[in-house]
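The values are calculated or read from the model by the stated rules, or taken from the named source; none is laboratory data. Note that the coordinates shown come from a computational prediction; the quantities given were computed from them, not determined experimentally. Positions of Cβ are generated from backbone atoms using ideal geometry, with glycine treated the same way; all protein chains shown enter the neighbour counts.
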Amino acid sequence: MTEPRALVLDIEGTTTPIAFVHDVLFPYAREHLAPHLAAHGEALAPAFAAEHARDPEHPPPFELETYVRWLMDRDRKSTALKALQGDLWRAGYASGELRSIVYADVPPALAAWHAAGIVLAIYSSGSIAAQKLLFAHTDYGDLTPLLDRYFDTTIGPKRAASSYAKIAAALGIAPASITFVSDVGEELAAAREAGLRGVLSIRPGNAPTVADGPSITSFAELRF
């Protein structure tokens, strides 16, 4: 019996240009933040207040919109912030204002891997809801039927080896049979510490990164 294999993919700089996230998604969330907080702020405030209370950077005194924008300015991997951004983007996708960009090599590769029985998962700092929205609304159509699992920072930080051990356990696949692709060397190092195979994604616009092990410039180059 063949050992099951899995491929875990980052989003920014791996499946999707960093520019799309920073120049399209983030500005959209900023633009629509105030009315969303006016309607839903009371329900959102406790989670942000709890993060504010334990924030190591000592932000200004807590006020919901001020703190949310403070987190946005720092591109903080805040679980509450990522959930809020996902809610804002959902409205944008539903209205047609937002359309996701993925690299041209991504859809055919996902289709081939899916057909080969490889378990395909996403691990991103964006919320699971936001991940599903992104892959459901691409110029290549809805790619979510090709993806099996999604993981966000609720499972742990992306630079912690324990997070990748938890992902392997959740998938029920031996770490050595899982390949993780990311544009961030520290994430790859953490994945390798947990026993996964790490592959560096080199795409136009990505920050220069030093990482041990193999690298690719297209999913067409990825070998198992």
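Within segment 95-117, the set of residues being part of a helix (DSSP H, G or I) and either modelled with pLDDT of 95 or more or within 18 Å of the chain's Cα centre (by Cα) (or both) comprises Val106, Pro107, Pro108, Ala109, Leu110, Ala111, Ala112, Trp113, His114, Ala115.
Within segment 126-144, the only residue that satisfies the criterion of being in contact (Cβ under 8 Å) with a residue 60 or more places away in the chain and either in contact with a Lys or Arg (Cβ under 9 Å, 6 or more places away or on another chain) or within 20 Å of Arg223 (Cα to Cα) (or both) is Gly126. Screening Ala211 against (1) closer than 25 Å to Ala136 by Cα; (2) surrounded by 20 or more Cβ atoms within 10 Å (Cβ to Cβ) leaves a single unmet condition, (1).
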